[in-house]
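**Student:** Structure in structure tokens, see below.
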Amino acid sequence: MSNLEQTLSIIKPDAVERNLENEIKEMFKSNGFSILNEKKIQIEKSEAEKFYKVHETKPFYDDLCGYLSSGPIVVMVLEKENAVLSNRELMGATNPEDAEEGTIRKKYGISIDKNSVHGSDSIENAKIEIDFFFKD
Ligand code: CMP
């Protein structure tokens, strides 16, 4: 049965800064994802705080929001069968040190903060995150 889903992906400032945008997009495409929508933007810290609101009680929240707003990012809507889980597998563990070979974070991530990509963690959050960046 078809289970086509959409998920939100962000190429974070550390990866955009190192010109990894095209290589990372190629990894998505070669793993069967279609990029339905994309834009390169820089957001205000206040917007990052809204985006990462689920983490507001975490000790790393302030740094995280400062970081996401520190430089250009690429936000994308990815589509594939089981896109949310499939993207999480392709990204690898949050901490690049724990990520498996062949994953984006293993290949490009620098640290748990500069881990090169964000991806929605559930179907529900994917809808919220896609709306956050692409609702007009
Ligand atoms: P991301 O998938 O964008 O979601 C929240 C981000 O917080 C995560 O990737 C990490 O880059 C960052 N982060 C920093 N410290 C931690 C931590 N201790 N646990 C989880 N995420 C962290």
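The values are calculated or read from the model by the stated rules, or taken from the named source; none is laboratory data. In this text, all values refer to a predicted model and were calculated from it rather than measured experimentally. No Cβ is skipped: glycine too gets one built from the backbone with ideal geometry, and neighbour counts run over all protein chains shown. The accessibility values were calculated without ligands, DNA or RNA, using every heavy atom of the protein model including side chains. Shrake-Rupley method; radii C 1.70, N 1.55, O 1.52, S 1.80 Å.
**Student:** Go over the candidates Lys29, Lys25, Lys50 one by one and state the one that is open to solvent by less than 30 Å² (accessible area, probe 1.4 Å), assigned to a helix (DSSP H, G or I), within 30 Å of Leu4 (Cα to Cα) and not hydrophobic (A, V, I, L, M, F, W, C).
**Tutor:** Details: Lys29 fails: open to solvent by less than 30 Å² (accessible area, probe 1.4 Å); Lys50 fails: open to solvent by less than 30 Å² (accessible area, probe 1.4 Å).
Within the list Lys29, Lys25, Lys50, the selection yields Lys25.
**Student:** Only residues that are more than 12 Å from the chain's Cα centre (by Cα) and either of a type in the set (A, V, I, L, M, F, W, C) or surrounded by fewer than 16 Cβ atoms within 10 Å (Cβ to Cβ) (or both): list them for the range 103-112, please.
**Tutor:** Matches in the range 103-112: Ile110, Ser111, Ile112.
**Student:** For the range 113-136, which positions are open to solvent by 40 Å² or more (accessible area, probe 1.4 Å) and not in a helix (DSSP H, G or I)?
**Tutor:** Asp113, Lys114, Asp121, Lys135, Asp136
**Student:** For the range 78-102, name all the residues that are crowded, with 21+ Cβ neighbours inside 10 Å and not in a helix (DSSP H, G or I).
**Tutor:** Leu78, Gly92
**Student:** In this structure, is Lys40 in a strand (DSSP E or B), open to solvent by 70 Å² or more (accessible area, probe 1.4 Å) and among the basic types (Lys, Arg)? Break it down stepwise before answering.
**Tutor:** Working: in a strand (DSSP E or B): yes; open to solvent by 70 Å² or more (accessible area, probe 1.4 Å): yes; among the basic types (Lys, Arg): yes.
Yes; evaluated as a whole, the condition is true for this residue.
**Student:** Select, from Glu21, Glu26, the only residue that is more than 16 Å from the ligand (Cβ to nearest atom) and out of contact with any strand residue (DSSP E or B) (no Cβ under 9 Å at 6 or more places or on another chain).
**Tutor:** Working: Glu21 fails: out of contact with any strand residue (DSSP E or B) (no Cβ under 9 Å at 6 or more places or on another chain).
Going through Glu21, Glu26 in turn, just one is more than 16 Å from the ligand (Cβ to nearest atom) and out of contact with any strand residue (DSSP E or B) (no Cβ under 9 Å at 6 or more places or on another chain): Glu26.
**Student:** On to the next question. Please verify whether Tyr67 is near the ligand (Cβ under 9 Å from one of its atoms), farther than 18 Å from Glu23 by Cβ, among the hydroxyl-bearing types (Ser, Thr, Tyr) and in contact (Cβ under 8 Å) with a residue 40 or more places away in the chain, treating the condition exactly as stated.
**Tutor:** Spelling it out, Tyr67 is indeed near the ligand (Cβ under 9 Å from one of its atoms), farther than 18 Å from Glu23 by Cβ, among the hydroxyl-bearing types (Ser, Thr, Tyr) and in contact (Cβ under 8 Å) with a residue 40 or more places away in the chain.
**Student:** Looking at this structure, is Leu68 surrounded by fewer than 19 Cβ atoms within 10 Å (Cβ to Cβ), modelled with pLDDT of 95 or more and aliphatic (A, V, I, L, M)?
**Tutor:** Answer is no for this residue.
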